[in-house]
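Remarks on the structure that follows.
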2 protein chains.
Amino acid sequence: MSEDVIADGTTKKANPCCAPPGDVDPDAIATDLQILTAMGNDTRYELLRRIANADDGVCVCDLEAAVGVSQSAVSQALSRLYTAGLVTRRKEGSWRYYELTDTTAALLETLDNLRDTHE
Amino acid sequence: MSEDVIADGTTKKANPCCAPPGDVDPDAIATDLQILTAMGNDTRYELLRRIANADDGVCVCDLEAAVGVSQSAVSQALSRLYTAGLVTRRKEGSWRYYELTDTTAALLETLDNLRDTHE
DNA sequence: ACAATATATTAGTAGTTGCTTGTATAAGCT
DNA sequence: AGCTTATACAAGCAACTACTAATATATTGT
């Protein structure tokens with residue numbers, strides 16, 4: 001990398017390649033990464049898309065049929081989505097209904113638009 | 001899960017929990033997952049943010065200084081971002097300059113907006 | 001041609017992830 | 001109360017990831 005001053009106090013010409021970029025807010029990193037890593041998995045992404053397709057919440061039982069993993073895996077995936085703030089959940093009788101949060105809806109829409117405009 | 005018909009031809013009442021959600025386009029899944037998994041990593045996300053902060057492309061040498069991993073790791077991370085379509089790269093002399101694609105700029109902006117509106 | 005710098009590639013590896021299987025909890029049914 | 005269904009939790013493990021270290025390639029300067 002670029003180096004202006006070396007140990008003995010003499011200087012060397014800095015690399016003229018470019019100006020180093022500014023810093024990044026650490027909180028933004030943490031928040032965004034939680035979202036991105038939660039969405040960035042085959043099972044969880046497909047669950048999100050299927051939840052998005054339903055109008056008024058989906059119960060776990062019908063999600064299980066859709067993705068090709070065990071009941072336990074679906075439960076774990078949904079928990080992760082929940083703690084990442086990507087879905088809400090409410091209990092009704094013995095069923096649990098999952099719905100997208102606004103965050104997720106916005107991100108999925110952005111991804112849709114990008115796919116459309118990019119051909 | 002819900003079950004209407006069983007093997008011997010008799011029927012059982014389907015679960016009244018909800019209507020099963022529609023299918024998801026497999027191509028959309030593949031494309032989006034490539035983007036999400038490429039962005040969803042500490043090093044690569046920070047590289048993207050730093051590239052976004054610069055006006056006219058950043059060379060690898062100054063990115064190395066910013067994130068806390070080896071030169072090799074930065075090179076590998078940038079390659080991955082490139083093959084995922086998240087950055088462009090051009091060579092100029094012995095330096096390589098990376099810039100965001102529109103896709104990435106749009107996604108980062110969406111993430112910024114979500115953080116702002118969600119407090 | 002040789003040395004130095006900038007970046008990429010390869011191989012090996014520690015740590016992480018996402019599953020499965022088994023078990024637990026909770027609600028509804030008889 | 002017992003049986004069944006819906007969901008969650010825990011332990012174990014195979015597969016994957018992202019790093020480091022070493023080496024290769026390309027460009028520039030002497």
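Assorted remarks:
- Selection from the stretch A:19-73 of residues that are open to solvent by 40 Å² or more (accessible area, probe 1.4 Å), among the acidic types (Asp, Glu) and under 20 Å from A:TRP95 (Cβ atoms): A:ASP55, A:ASP56, A:GLU64
- Residue within the stretch A:83-96 that is of a type in the set (Gly, Ala, Ser) and not in a loop (DSSP other than H, G, I, E, B) present: no
- Against the numbered list (1) part of a helix (DSSP H, G or I); (2) under 12 Å from A:ILE35 (Cβ atoms), A:ALA77 comes up short only at (2).
- Taken over the stretch B:102-114, the residue count meeting the criterion of being open to solvent by less than 60 Å² (accessible area, probe 1.4 Å) and either not in a helix (DSSP H, G or I) or not aliphatic (A, V, I, L, M) (or both) is 4.
- Neighbours by Cβ (under 6 Å, 6+ apart or cross-chain): first from the stretch B:53-67, more than 7 Å from every other protein chain (Cβ to nearest Cβ); second crowded, with 20+ Cβ neighbours inside 10 Å and of a type in the set (Val, Ile, Thr): B:LEU63/B:VAL74
- Test result for A:GLU99, within 13 Å of another protein chain (Cβ to nearest Cβ), farther than 16 Å from A:TYR45 by Cβ, near DNA strand D (Cβ under 10 Å from one of its atoms) and open to solvent by 50 Å² or more (accessible area, probe 1.4 Å): no
- Restricting attention to the stretch B:81-91, the residues that are more than 7 Å from DNA strand D (Cβ to nearest atom) and either of a type outside the set (A, V, I, L, M) or open to solvent by 80 Å² or more (accessible area, probe 1.4 Å) (or both) total 6.
- Listed by first and then second residue, the pairs linking a residue in the stretch B:106-119 that is closer than 14 Å to A:GLY85 by Cα to a residue that is among the hydroxyl-bearing types (Ser, Thr, Tyr), with Cβ atoms under 7 Å apart and 6 or more places separating them unless they lie on different chains, are B:LEU114/A:THR103; B:ARG115/A:THR31; B:HIS118/A:THR103.
- Selection within the stretch A:25-50 - more than 7 Å from every other protein chain (Cβ to nearest Cβ) and modelled with pLDDT under 95: A:ASP25, A:PRO26, A:ASP27, A:ALA30
The values are calculated or read from the model by the stated rules, or taken from the named source; none is laboratory data. Predicted model only: the values in this text are computed from it and were never measured. Counting neighbours? That spans all protein chains shown, and the Cβs are built from the backbone with ideal geometry, glycine included. For accessibility, only protein heavy atoms count, side chains too; no ligands or nucleic acids. Shrake-Rupley method; radii C 1.70, N 1.55, O 1.52, S 1.80 Å.
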